[in-house]
Amino acid sequence: MRELRGIGASPGGAAGPVHRLAPPPALPPAPATVDPSAEKTAVRAAVLAVAADLTRRADAAPDTTAAEVLRAQVMMAQDETLIDAADVAIDGGTDAPHAITDVLAVHRAAFEAAGGYLAERVSDLDDLRDRLVAACLGLPMPGVPDPGRPFLLIARDLAPADTAGLDPALVLGLVTAEGGPTSHTAILARTLGIPAVVRCAGILDVADGTLVSLDGSTGVVATGVSAETATGVNAARLAEIERRARSHGPGRTADGHPVALLANIGSARDLTGEVEGVGLFRTELLYLDRSDPPSHEEQVAAYREVFAALPGRKVVVRTLDAGADKPLPFLRLAGEPNPALGIRGLRVARQTPSVLTTQLGAIAVAAAAEDAEVWVMTPMVATAAEASAFAVSCREHGLSTAGVMIEVPAAALRAGQVLRDVGFLSIGTNDLSQYTFAADRMCGDLAELLDPWQPALIGLIASCAAAGVEAGKPVGVCGESAADPDFALVLAGLGITSLSMAPRSIPAVRESLAAHTLDECRQIAKAALAADTPEAARAAVRR
Ligand code: PEP
Ligand code: MG
């Protein structure tokens, strides 16, 4: 047996024979002569076939995140400028597969040069090229193999089209050599509930069929395990899933202290099963891939759909979080040298106030028409003055419960003042980590700085929670860290009042809280705060 190490990207254990992703098609030598009109027809036929295949996968995708990612790829495939550029290349004497490859190489270079979010989309472009070339050559679509038995999928990295179409009954787990903890692979694996390890060096050297086990929490991958070990790992996972499926009810510590367990959603489709409420309704999905903002009516309909599903329950709507890792074409934001530090989140309202006022108006109309308890919050607040101005706008629209996200260290340091004019805080630990450690959240190489167990991050969360206790106002956490069952104990012990996460993560957190008293959570939080490193914090909490 050999042990490899990667980064745990989707929790849970899984074991089985490994099978690798079908390789991309090899480009044949360029022909000496071509018939331009036949080659142009071949490009169009390939675009049609690939767009149809990706659309079918998007329609079958089990959640909105996966479907949106695939639809964005369909739009890329159907981009007229791509087809026109391929025509030009064909007129220059090349065939369809080479024309597609050359044109997408130009796009790829531009994405890489842009850096950040766009550079992470390079794997989407490569995937598109491979699909189009395979379609031109009459080869099967590259992608997930079908060995006829449940297996662990291994790959250099996975394109969204591959991950979104995965059947969790067949693909027991994923191990990739590249990718980061915030890559599509990781996010989609978590939403699908498939255990995953990313950035696992050496995994591509493991032969197909080898029995391997993975731990999606610790990132440990064991190759060449016995059949008994594999059966044991999968049986333990099944038992865990079954036990958790039976768990229900509100979040409570063992002695009954309430910690609300809420859902992070992008639309009503993400609401699976019974939840106490929604702690983060990301409204960006409505605005993605469009050249005009959604109309008032369109927004009212989308918000009503969510509110109608949760009568009498809390729904925290986040106003549009555009910019940086979520670029939205309709805003036509000027190119910024450093978008994560530029016009994003609430700052968009500085130059386009109507985006915020239209949205608040639509939320108010939808809230009045349904029975949900609607709260509104805004992202990327840096000062108490910004928080107060947002609360005033909400009141002007008849929205009485306004809060802000704590994602910028300046706001965390002045949490008491920020809370003065708003009703609640919600800590976005994904961005708070990024800005506290000056570490791009998309950068897999900086994963250890983005670890929520970093004592500096825990210290900032502690001061926000303390400000909430002093003001008698709720302070929740809605970043990915809220889904870690051990970290949830630290958060409860610090005085955090709600935890919001992907619905699938709720049972494990509920179980963890129910096994500890509030006093134990406080001891645990104290131990984590006193640690010098994330490893020491984890170890102290486990002790
Ligand atoms: C966060 O930053 O923690 C957060 C919840 O917001 P998003 O991940 O959407 O930026
Ligand atoms: Mg954020």
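The values are calculated or read from the model by the stated rules, or taken from the named source; none is laboratory data. Model, not experiment: these values are computed from the prediction. Cβ atoms come from the backbone with ideal geometry, glycine included; neighbour counts cover every protein chain shown. Keep in mind that these areas ignore ligands, DNA and RNA; they rest on the heavy atoms of the full protein, side chains included. Shrake-Rupley method; radii C 1.70, N 1.55, O 1.52, S 1.80 Å.
In nm, give the distance between the simple-model label positions of A60 and L413, each being 7 Å from the Cα along the Cα-to-Cβ direction.
Here the answer is 5.3 nm between the modelled labels.
Find, to one decimal place in angstroms, the Kirkwood hydrodynamic radius of region 228-317, where the mean of 1/r is taken over every pair of different Cα atoms and then inverted.
Values: mean 1/r = 0.0627 Å⁻¹.
Across region 228-317, the inverse of the average 1/r is 16.0 Å.
Enter the per residue convex hull volume of region 408-475, computed from alpha-carbon coordinates, in Å³ rounded to the nearest integer.
About 70 Å³ per residue, rounded to a whole number.
Which percent of Cα pairs goes in each bin when the distances of region 325-384 are cut into 5 angstrom slices starting at zero?
Histogram of Cα-Cα distances, whole percents per bin: 4, 14, 23, 21, 16, 11, 7, 2, 1.
How big is D, in µm² s⁻¹, for region 247-542 by Stokes-Einstein at 4 °C and 1.567 mPa s if Rh is the Kirkwood radius over C-alpha pairs?
Values: Rh = 19.2 Å.
The calculation lands on 67 µm²/s.
Set the Förster radius R0 to 35 Å, insert the Cβ-Cβ distance between V469 and S291 as r into 1/(1 + (r/R0)^6), and round the FRET efficiency to 0.05.
On the way: r = 46 Å, r/R0 = 1.31.
Approximately 0.15, to the nearest 0.05.
Using a 7 Å offset from Cα along Cα-Cβ at A438, what residues in region 335-359 end up with backbone N under 20 Å from the label point?
From region 335-359, the list is 337-343.
Do the sum for the chain: with -39,500 (n - 2.57) for every DSSP H run of n ≥ 4, divided by all residues, what is the mean residue ellipticity at 222 nm, to the nearest 500 deg cm²/dmol?
Working: 21 runs with 248 residues, N = 543.
That comes out to -14000 deg cm²/dmol.
With every protein chain kept in the model, how would you rank H248, H397 by accessible area, 1.4 Å probe, largest at the top?
Details: H248 150, H397 55 Å².
Highest to lowest solvent-accessible surface, that is H248, H397.
By how many nm would the segment from R5 to A72 lengthen if fully extended, with 0.36 nm per residue of separation less the alpha-carbon distance?
Details: separation 67, 0.36 × 67 = 24.12 nm, distance 3.26 nm.
Fully extending the segment from R5 to A72 adds 20.9 nm.
Counting only the heavy atoms of the protein chains, how much of E448 is accessible to a 1.4 Å probe, in Å² to the nearest 10?
110 Å²
Over the Cα atoms of region 374-526, each weighted equally, I'd like the Debye log10 I(q)/I(0) at q = 0.10, 0.13 Å⁻¹, rounded to two decimals.
With one equal scatterer per Cα and no solvent, log10 I(q)/I(0) is -0.34, -0.57.
Relative to 2.2 N^0.38 Å, what does the C-alpha radius of gyration of region 267-364 come to as a ratio? Two decimals please. The partial results should precede the final answer.
Working: Rg = 14.3 Å, N = 98, 2.2 N^0.38 = 12.6 Å.
Dividing the Cα radius of gyration by 2.2 N^0.38 Å gives 1.14.
Could you give the radius of gyration (one decimal) and Dmax (whole number) of the Cα atoms in region 296-444, in Å?
Considering region 296-444 through its Cα atoms, Rg and Dmax are 15.4, 45 Å.
To the nearest 0.05, how large is the calculated FRET efficiency for L139 and A456 if R₀ is 41 Å and r is the Cβ-Cβ distance? Could the numbers behind the result be given before it?
Details: r = 51 Å, r/R0 = 1.24.
Working from the Cβ atoms, E equals 0.20.
If you project the alpha carbons of the chain onto the principal axes, what extent comes out on each, in Å, largest first?
78, 60, 39
To the nearest whole percent, what portion of all C-alpha pairs in region 36-137 is separated by more than 15 angstrom? Walk me through the intermediate numbers first.
Values: 3126 of 5151 pairs.
More than 15 Å apart: 61 percent of the Cα pairs in region 36-137.
Heavy-atom accessible area of M141 with all protein chains present, probe 1.4 Å, nearest 10 Å²?
Probe radius 1.4 Å; accessible area of M141 about 60 Å².
Can you tell me which lysines have their Cα less than 25 Å from the Cα of K526? Leave out same-chain residues fewer than eight positions away.
K473
Could you look at the chain and say what percent of its accessible area is carbon and sulfur, using a 1.4 Å probe and all protein chains?
Numbers: 12490 of 22300 Å².
Roughly 56 percent, rounded to a whole number.
What distance in nm separates the simple spin-label points at A109 and A514, each placed 7 Å from Cα in the Cβ direction?
Using points 7 Å along Cα→Cβ, the separation is 5.9 nm.
Which three semi-axes in whole Å describe the equivalent ellipsoid of region 193-262, each the square root of 5 times a Cα gyration tensor eigenvalue, listed largest first? Mind showing how you got there, number by number?
Values: eigenvalues 227, 47, 16 Å².
Working from the Cα gyration tensor, I get semi-axes of 34, 15, 9 Å.
Testing the spin-label approximation: label points 7 Å from Cα along Cα→Cβ at A169 and R332. State their distance in nm.
5.0 nm
Could you give the Stokes-Einstein D for region 471-543 in µm² per second, using the C-alpha Kirkwood radius, 20 °C, 1.002 mPa s?
Details: Rh = 12.4 Å.
Translational diffusion coefficient: 173 µm²/s.
Taking the Cα of A45, stepping 7 Å toward and past its beta carbon, and measuring to each backbone N in region 127-146: which are under 16 Å?
Backbone N within reach: 132-141.
Based on the alpha-carbon gyration tensor of region 1-75 and its eigenvalue square roots a ≥ b ≥ c, which shape applies: rounded if a/c is under 1.5, prolate if not and a/b is larger than b/c, or oblate? Provide the component values of the computation, followed by the final result.
Values: a/c = 3.78, a/b = 1.63, b/c = 2.32.
Note, shape of region 1-75 comes out oblate.
Between A530 and T383, what length in nm is gained on full extension when 0.36 nm per residue of separation is reduced by their alpha carbon distance? Kindly include the intermediate steps, with their values, before the conclusion.
Numbers: separation 147, 0.36 × 147 = 52.92 nm, distance 2.83 nm.
Difference between extended and current length: 50.1 nm.
Would you mind working out the accessible area per residue for region 36-137, using a 1.4 Å probe, and quoting it in Å²? Show your work: numbers first, answer last.
Working: 4200 Å² over 102 residues.
On a per-residue basis, 41 Å².
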